[in-house]
1. Which residue pairs have Cβ atoms closer than 9 Å, lie 6 or more positions apart in sequence or on different chains, and pair a first residue in region 92-109 that is among the charged types (D, E, K, R) with a second residue that is part of a helix (DSSP H, G or I)?
2. Just need a number here: residues in region 412-471 that are in contact (Cβ under 8 Å) with a residue 24 or more places away in the chain and among the polar types (S, T, N, Q).
3. Does ASP52 satisfy the condition of being loosely packed, with under 15 Cβ neighbours inside 10 Å, among the acidic types (Asp, Glu) and under 37 Å from the mean Cα position of the chain (by Cα)?
4. Which one of these does ARG191 not meet: (1) in contact (Cβ under 8 Å) with a residue 24 or more places away in the chain; (2) over 30 Å from THR322 (Cα atoms)?
5. List pairs: first in region 363-374 and closer than 14 Å to TYR149 by Cβ and at pLDDT below 90, second part of a helix (DSSP H, G or I) and aliphatic (A, V, I, L, M), Cβ under 7 Å, 6+ apart or cross-chain?
6. Somewhere in region 444-453, is a residue more than 30 Å from GLU390 (Cα to Cα), modelled with pLDDT of 95 or more, in a loop (DSSP other than H, G, I, E, B) and not acidic (Asp, Glu)?
7. Please go through (1) of a type in the set (Gly, Ala, Ser); (2) modelled with pLDDT of 90 or more; (3) in a loop (DSSP other than H, G, I, E, B) for SER282 and return the number of the only condition it doesn't satisfy.
8. Looking only at helices (runs of 4 or more DSSP H) that lie completely in region 16-81, which have at least 3 residues being basic (Lys, Arg) and free of Cβ contacts under 8 Å to residues at least 24 places away in the same chain?
Amino acid sequence: MYDQYESPLSSRYASRYMLELFSARTRIRTWRKLWTELARAEMEMGLPITQDQVNALEKNIDQIDFDLAAKREKEVRHDVMAHVYAYGQAAPEAAGIIHLGATSCYVTDNADLILYRDALRYLRGELLKTMRNLADFAREYRAVPTLGYTHYQPAQLVTVGKRAALWLQDLASDLEELDFVLSAIPFLGCRGATGTEASLMELFEGDQAKIVEMNRRLTERFGFTRMWDVCGQTYPRKLDSRILSCLSAIAQSCYRMGNDLRLLQHDRQVEEPFEKNQIGSSAMPYKRNPMRCERICSLSRYLMADSMNAAMTASTQWLERTLDDSANRRISLPEGFLCADAVLRLAQNVTDGLRVNEKIIERTVMEYLPFIATENLMMEAVKKGADRQETHEVIRKCSMQATARMKEGLDCNLPALLAADPAFHLTEEEIREGLQPAKYIGRCAEQVEEYLKRLEPLLAGVETGKAEISV
């Protein structure tokens, strides 16, 4: 196993569920289910197929001889027909009716739709777990003041929980998109070589009602509520673009959160989980690198780029179809799902174990609070008889002096400078009494509480926990 390439998505990052879902066994097993149900529906619609033949197909769905299929594919250069042959060898009494009236896309495209639907459902659960973690974190720290940043420069105060609510809101937007995509996946059905159902018209001797009913039954039996209204040989590749765009959106949100956490960990304000025996650096044993958030960003960047594959494929479909989508889709769609799975597992792991260093946050807040509080202090000074314009100028000059002092590595002495100017009309003690961080966080706590209340029906019953990551 060590002498050939293996995708890190399968060896290091993705979950067991997702790896199994996109495995060759699940894919071919799904093909066989499609062939079985096609035979059953055709039998029910009056074609000369027996119950024994359907039973033989059903009995041998799991008896897949991959070596035989591979050998046959080398001879015929066609993967679907190779598996038709292998299935026929497993169920010889039904060999003559397998794939009757179908084209390759009956199994390949319908199977893809089934796999993508099931993968999206799984990712929905992982996304909700991450959201649950963030909601709990936001609630706990909803009123803890922290320095806000615009342009990554100190700005007004926010709270630790309010910042987490911003990340949570991004993910909630992604959930809305995912639910829309899930609700908008139709089944392809059995539509023929160019989507006209011409071969079925021949089989059913022009009885269109039987064709419609057969496809309705297939659609229902595979858990779909509708079919594509019209199609070529394949289902429209716009759906692939929509799916990967949805996965890309999740990556964008997780990247934003992961990047924010990397910045905060640099300042030692908030840190991702760090295991007891974890090594941060091979050369610098003291380091606590944010490796999980870095990995979230790294994989998210790959997923955002991967989404362009589907967009280019959707835009270059020739008439009823061309085969240049096939090799690309075999890679871009499964790996997109595996990558989204990996990103969400990491996000779930990180959000369940965030460490908030409140003393460092408080120290940072108090360092900049005198500047943030100057507008309120100016109003208070005016109440005590100061001239507003003169007070503004005092604040400007003293702020420049205090900033210059801080750039020399000294502490902020803005309160003392302001109090020393008689035009300011406030003592240093009065100034410092006004430096209460809770006065400067606006409605952060209330905003978080109100938002979480709206989200609670969606998150009710979602279990929290730290997803295990392999390395």
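1. Close Cβ pairs satisfying both conditions: GLU93/ASP52; GLU93/GLN53; GLU93/ALA56.
2. Selection size over region 412-471: 3.
3. Values: loosely packed, with under 15 Cβ neighbours inside 10 Å: yes; among the acidic types (Asp, Glu): yes; under 37 Å from the mean Cα position of the chain (by Cα): no.
When the stated conditions are applied, ASP52 does not pass them.
4. That leaves (2) as the condition not met.
5. Going by the 7 Å Cβ cut-off, the qualifying pairs are PHE371/LEU414.
6. No, there is no match, as no residue in region 444-453 is more than 30 Å from GLU390 (Cα to Cα), modelled with pLDDT of 95 or more, in a loop (DSSP other than H, G, I, E, B) and not acidic (Asp, Glu).
7. Result: SER282 passes all but (2).
8. Fully inside region 16-81 and qualifying: 66-76.
The values are calculated or read from the model by the stated rules, or taken from the named source; none is laboratory data. Just so we're clear, the structure is a prediction, and the values are computed from it rather than from any experiment. A quick note on method: Cβ atoms are made from the backbone with ideal geometry, for glycine too, and the neighbour counts reach across all protein chains shown.
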